[in-house]
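Heads up: the structure comes next, in structure tokens.
The values are calculated or read from the model by the stated rules, or taken from the named source; none is laboratory data. Only a predicted model underlies this, so the values are computations on that prediction, with no experimental measurement involved. All Cβ positions, even for glycine, are placed from backbone atoms using ideal geometry, and neighbour counts span all protein chains on display. The accessibility values were calculated without ligands, DNA or RNA, using every heavy atom of the protein model including side chains. Shrake-Rupley method; radii C 1.70, N 1.55, O 1.52, S 1.80 Å.
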Amino acid sequence: MAASTKKRKKKQSFGWKGQIFLICLLLASVMFASLAVIVVVGMVPTIVAAIVDRSEGRMRALTIGAMNFAGCAPFMLEIFKKGNSLETSIAYMLEPRTIVVIYFAAAMGYLIDWAMTGIVSSVLVQKTKNRLRDIQKSQKELTERWGVEVTGTIPLDEFGFPVESHHKPEEA
Amino acid sequence: MSDVTVQNEPETQAESAPIVPAPVAAPPPAPVSGKGAPLTGEIIFNENITVYSGNRLPQYDKGPVKAYTARGTDKVSKNLFAMVCEEHLTPRSLKASNYFGILNPSLVRLVASGVIGWTPAGKEKYCFIFENTLGNALMKDDTKGGLGMKPDLVLNSVIRPMINVMMDMRDKDIVHGNIRVANMFDGGSKNLERVVLGECLSTPVSYLQPVLYETIDRALCSSIGRGPGTQQDDLYALGVSLAVMMRHSDPAEGWSDEEIIQHKMDEGTYSVMLGRDRLTGAILELMRGLLYDDENQRWTLDEVLIWLDGRRLSPKQAARRSKASRPVNFMGEKYIRPEILAREIAKNPAEARPLIEDGELERWLSRALEDKVATARFEKALKQADEGGKGGDYPDRLATRTAIALHPEGPMRYKNINVMPEGIGPALTEAFIMKRDLQSYNDFFMNYFITQWVDSQTGTVPDVSNLVGRYDGARAHLRQKGMGGGLEKCIYAMNPEVHCLSEKIAKYHVRTPEDLMHALEKLSQNSGRPTMFFDRHIVAFLSVKDRKNIDPYIHDMNAPEGYRRILAEAKTLATIQKRSQMEKFPGIAKWMVESLAPVYERFHDRELRESIKKNADKLAETGDLPKIVLLFDDPAVYQSDNLEFRRAMRRYHDLEQETIEIEGELRDESSLGQETGRQAAALVSGILAGIIIMTAIFSAFGKGAVPF
């Protein structure tokens with residue numbers, strides 16, 4: 001119940017922010033139509049990644065998006081420099097070099113995500129395993145110093161000694 | 001009735017303990033030493049006396065207590081003999097110091113006393129060393145016949161010296177208890193100038209006295225249970241001895257002990273002893289005075305002294321024992337004297353029950369004996385016997401109480417027990433050592449016959465409150481089932497002279513807590529020593545000898561936890577060492593430290609255990625027991641250890657939780673770090689993108705911009 005309420009709130013908050021963003025985006029697209037064409041066509045890998053990405057915070061899409069945008073940026077600057085016309089923009093987009101560069105940048109984003117995830121994951125696994133070994137060592141030391149009763153796995157008397165140790169010494 | 005709790009099992013482990021100092025291999029069976037016989041089997045006693053276990057002196061034997069030749073060196077007299085005491089006959093060791101003070105040529109002189117390592121028996125024994133000035137005994141068998149000595153000779157050679165001895169003994173608060181002709185010696189002279197009285201310390205009072213030499217009431221007791229007696233009993237024995245010396249014939253020849261008692265009651269001791277022998281003059285007066293059967297009529301020592309001064313004493317009226325006008329039938333016999341009937345009833349409780357319950361005995365008491373006091377005593381005894389119910393040992397209780405009512409001055413008789421109240425201690429000791437039935441002693445104390453006995457006395461009972469108090473204490477001890485109670489404690493409480501009867505130290509004659517320390521030190525050298533120091537006997541013994549040494553720890557000694565018992569023992573030993581300011585005991589200390597394993601286990605911290613163990617091992621070499629105990633006596637150490645242990649437990653628990661979490665994460669190893677990896681990738685990618693964009697901007701708008 002609480003989870004669904006939170007989800008609804010999230011959707012609502014995204015709703016009005018998104019609406020403002022969309023309006024701004026629409027206005028910007030109209031004002032910079034030539035650049036918008038580059039962005040729309042060039043950022044397709046990011047859009048696909050954002051749809052496919054199920055990770056929390058959609059970090060993969062962010063990684064790809066950043067590199068993808070970096071791939072778009074030089075062309076957008078060129079178009080801007082050349083008068084920011086729609087024709088120039090379309091001309092650029094029709095050149096295979098433009099698409100190759102932009103999509104290569106997006107692919108680099110994918111590569112970074114794959115490599116970093118793998119490296120960080122293996123480092124963390126190793127670290128965790130080391131920690132487990134340390135814990136086992138500490139537990140062994142505790143058992144050696146305080147006896148098996150420190151584990152709390154055997155019944156103890158009020159003084160913390162195993163109950164069965166209350167034996168009468170042999171009458172010799 | 002409660003069960004007897006007596007530790008009476010032999011302990012094989014302690015058996016192989018090395019026996020005390022001394023010397024030389026055990027000799028073969030001791031030959032009788034004659035003059036010039038070689039001295040063999042020497043055993044050193046007190047450094048300057050040598051006892052020869054191979055050279056017996058049977059003429060000085062006291063029943064089972066044997067006499068041996070001894071020789072002194074330095075300032076000690078050369079011609080000595082040793083009386084080596086038997087365990088079951090408690091020697092009168094507490095009276096030895098008083099006896100030392102008597103310097104009378106007519107009494108054998110005590111030179112030394114103490115514990116000797118008696119190699120022939122392989123154990124320590126108590127022994128008395130006397131100066132051998134005895135010569136030959138006046139008679140070997142002093143229960144038959146007579147010596148026919150002239151009264152004048154007896155007066156000068158026997159009466160005067162003996163009265164002198166008795167005065168000395170009175171001054172030293174000693175009852176001899178063994179005055180008889182066979183214990184009187186000629187001192188080595190042929191003309192009998194002066195008799196020498198033999199010793200009296202090696203056996204309980206009156207243990208060796210024949211019935212003839214005992215008063216009627218004491219003669220009815222078992223020989224071990226006659227109690228400490230009084231000087232009046234000694235005077236009676238002297239009177240009997242004089243009669244045997246002076247008479248020419250024995251009127252009691254062939255009589256059994258029971259017949260002697262019967263005749264003493266019927267005719268009086270004087271007639272039984274002297275019969276047709278006619279004494280005349282002053283000596284007759286003395287003999288009558290000494291042989292009165294009624295203790296209150298009997299001459300005292302002062303009266304004898306007056307007689308010796310030549311003054312005449314007015315004769316006393318002899319009180320006759322009550323006698324019934326008609327007999328009562330019991331088991332086919334006719335009885336007219338309540339004392340004799342009491343003895344028979346006590347012997348045959350089952351057969352006596354109908355006689356008592358049918359009212360026949362009461363009728364006989366009131367009509368034939370016409371003794372209202374005795375009848376009242378009997379009625380009260382019946383009520384008291386009924387108090388415990390009519391099951392179980394009711395006939396025995398009934399018989400005992402009836403016997404006390406019929407013969408209040410006589411002994412308390414219950415089953416196989418036949419003692420004067422003060423004689424119960426030696427009797428119980430003997431029964432324990434000889435492994436006799438002890439349940440009857442348990443019942444004897446629990447039935448509390450003592451109050452009836454005390455209430456029934458016509459005369460005054462000396463120190464009655466102390467006597468009753470001791471019996472009260474015995475009952476309390478019997479109710480206490482654990483260590484420090486039971487019949488063991490009754491033994492030591494009722495017989496203060498007895499040594500410790502523990503099987504653990506059976507080879508040692510331990511009479512004091514200090515002796516115990518020395519015995520344990522010797523025992524500690526033995527590899528087969530027991531694990532624990534104490535048993536029921538040692539605890540009871542220490543509790544009676546000096547309760548401050550052990551009573552604070554008795555509760556722990558009975559605890560089910562071994563470490564508490566071990567620590568309690570250690571504390572007791574340390575207390576004895578400290579309170580008695582004794583020397584160091586490295587043997588005991590080592591033994592103690594070795595047995596402390598369960599005590600170390602009471603520390604959680606293994607490092608602390610090791611550290612304390614190291615300290616204890618170090619201290620063991622010094623033999624300082626209080627210092628060892630101090631290691632375990634600081635509550636702060638236990639508290640701190642416990643606190644640290646609790647912390648360690650919490651830490652262990654936290655680590656356990658962490659392990660569970662980590663193991664959960666590692667279960668899906670492939671997903672571990674994915675999130676972080678993506679974040680890192682986004683960061684790297686963002687930075688890279690930023691660099692590319694900035695580079696593009698600078699390339700596009702900077703000087704010399706290069707077209708893309």
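Quickly work out the residue A:115-to-residue B:297 label distance, labels modelled 7 Å from Cα along the C-beta direction, and quote it in nm with one decimal.
Inter-label distance under the simple model: 13.6 nm.
Given the options B:341, B:113, B:245, identify the residue whose Cα lies farthest towards the positive end of the charge dipole of the protein assembly as shown (+1 on Cβ of Lys, Arg; -1 on Cβ of Asp, Glu).
The residue sitting most towards the positive pole is B:113.
Leaving out same-chain residues fewer than 8 places away, which lysines sit with a Cα under 22 Å from that of residue B:415?
The qualifying lysines are B:347, B:380, B:383, B:390, B:435, B:489.
Return the Rg/Rh value of the stretch B:503-634, two decimal places, where both radii are evaluated on C-alpha atoms and Rh is the Kirkwood radius.
Values: Rg = 13.9 Å, Rh = 14.8 Å.
Result for the stretch B:503-634 is an Rg/Rh of 0.94.
Expressed in nm to one decimal, what extension gain is obtained for the pair residue B:670 and residue B:590 from 0.36 nm per residue of sequence separation less their Cα-Cα distance?
Values: separation 80, 0.36 × 80 = 28.80 nm, distance 6.24 nm.
This chain segment gains 22.6 nm when fully extended.
Using the Cα centre of the protein assembly as shown as the reference point, and only Cβ charges (+1 on K/R, -1 on D/E), how large is the resulting charge dipole? Debye, rounded to the nearest 20.
Working: 110 positive and 112 negative charges, 528 e Å.
Around 2540 debye, computed over the protein assembly as shown.
Sort all Cα-Cα distances of chain A into consecutive 5 angstrom bins from zero, then give the percent of pairs in each bin up to the one containing the longest distance.
1, 7, 9, 10, 10, 9, 8, 6, 5, 5, 5, 4, 4, 4, 3, 3, 2, 1, 1, 1, 0, 0, 0
If you put +1 on each Lys and Arg Cβ and -1 on each Asp and Glu Cβ, how big is the dipole of the stretch B:68-183 around its Cα centre, in Debye rounded to 20? It would help to have the intermediate numbers written out before the result.
Details: 15 positive and 11 negative charges, 27 e Å.
In total the dipole reaches around 120 debye.
Can you check how the C-alpha radius of gyration of the protein assembly as shown compares to 2.2 N^0.38 Å, as a plain ratio? Write down the numbers at each step before the final one.
Values: Rg = 52.1 Å, N = 880, 2.2 N^0.38 = 28.9 Å.
Here the answer is 1.80, to two decimals.
With every protein chain left in place, what is the accessible area per residue of the protein assembly as shown in square angstrom, probe 1.4 Å?
Values: 41470 Å² over 880 residues.
Per-residue accessible area for the protein assembly as shown comes out at 47 Å².
Taking the Cα centre of the stretch B:503-634 as origin and charging only Cβ (+1 Lys, Arg; -1 Asp, Glu), how large is the dipole, in debye to the nearest 20? List each step's numbers first, then the result.
Values: 23 positive and 21 negative charges, 55 e Å.
Rounded to the nearest 20 debye, it is 260 debye.
Sorting check: for B:526-535, B:379-388, A:58-67, B:229-238, which peptide has the highest mean count of neighbouring beta carbons within 10 Å, and how do the rest follow? Write out the running numbers ahead of the final one.
Numbers: B:526-535: 18.3, B:379-388: 16.3, A:58-67: 26.2, B:229-238: 23.3.
Order by mean packing, descending: A:58-67, B:229-238, B:526-535, B:379-388.
Along the charge dipole of the stretch B:151-308, Cβ charges K/R +1 and D/E -1, which of B:188, B:305, B:273 sits furthest on the positive end?
With unit charges placed on the Cβ atoms, the residue in question is B:188.
Please report how many Lys pairs in chain A have alpha carbons closer than 22 angstrom, counting only residues at least 8 apart along the chain or sitting on separate chains. Don't jump to the answer; show the numbers that get you there.
Details: A:6/A:17; A:7/A:17; A:9/A:17; A:127/A:137; A:127/A:140; A:129/A:137; A:129/A:140.
Count of close lysine pairs: 7.
Just from its helices, what would the mean residue ellipticity at 222 nm be for chain B, if runs of 4 or more DSSP H residues each count -39500 (n - 2.57) and the sum is divided by every residue, rounded to the nearest 500 deg cm²/dmol?
On the way: 29 runs with 325 residues, N = 708.
-14000 deg cm²/dmol, from helical runs alone.
Which whole-Hz couplings ³J(HN,Hα) result when phi for each residue of the stretch B:394-406 is put into the Karplus expression 6.51 cos²θ - 1.76 cosθ + 1.60, θ = phi - 60°, listed in order with x for Gly and Pro?
4, x, 5, 5, 4, 5, 4, 5, 5, 4, 5, 5, 6
Explain nothing, just compute: Karplus ³J(HN,Hα) = 6.51 cos²θ - 1.76 cosθ + 1.60, θ = phi - 60°, for every residue of the stretch B:490-499 in order, whole Hz, x for Gly and Pro.
Here the 3J(HN,Hα) series is 4, 4, 6, 6, 8, 9, x, 8, 6, 7 Hz.
Using only the C-alpha atoms of chain B, find the volume of their convex hull and express it per residue in Å³.
265 Å³
Given R₀ = 51 Å, FRET efficiency for residue A:125-residue B:607 by Cβ-Cβ distance, to 0.05? Could the numbers behind the result be given before it?
Values: r = 36 Å, r/R0 = 0.70.
That pair, residue A:125 with residue B:607, gives E of 0.90.
Could you work out the mean count of beta carbons from other protein chains within 10 Å of each residue's beta carbon in A:134-142?
Working: counts 2, 7, 2, 1, 5, 5, 0, 1, 5.
Average neighbour count from other chains, rounded to a whole number: 3.
Could you point to the residue in A:27, A:38, A:102 farthest towards the positive end of chain A's charge dipole, with +1 and -1 charges on the Cβ of Lys/Arg and Asp/Glu respectively?
Toward the positive end, the furthest listed residue is A:27.
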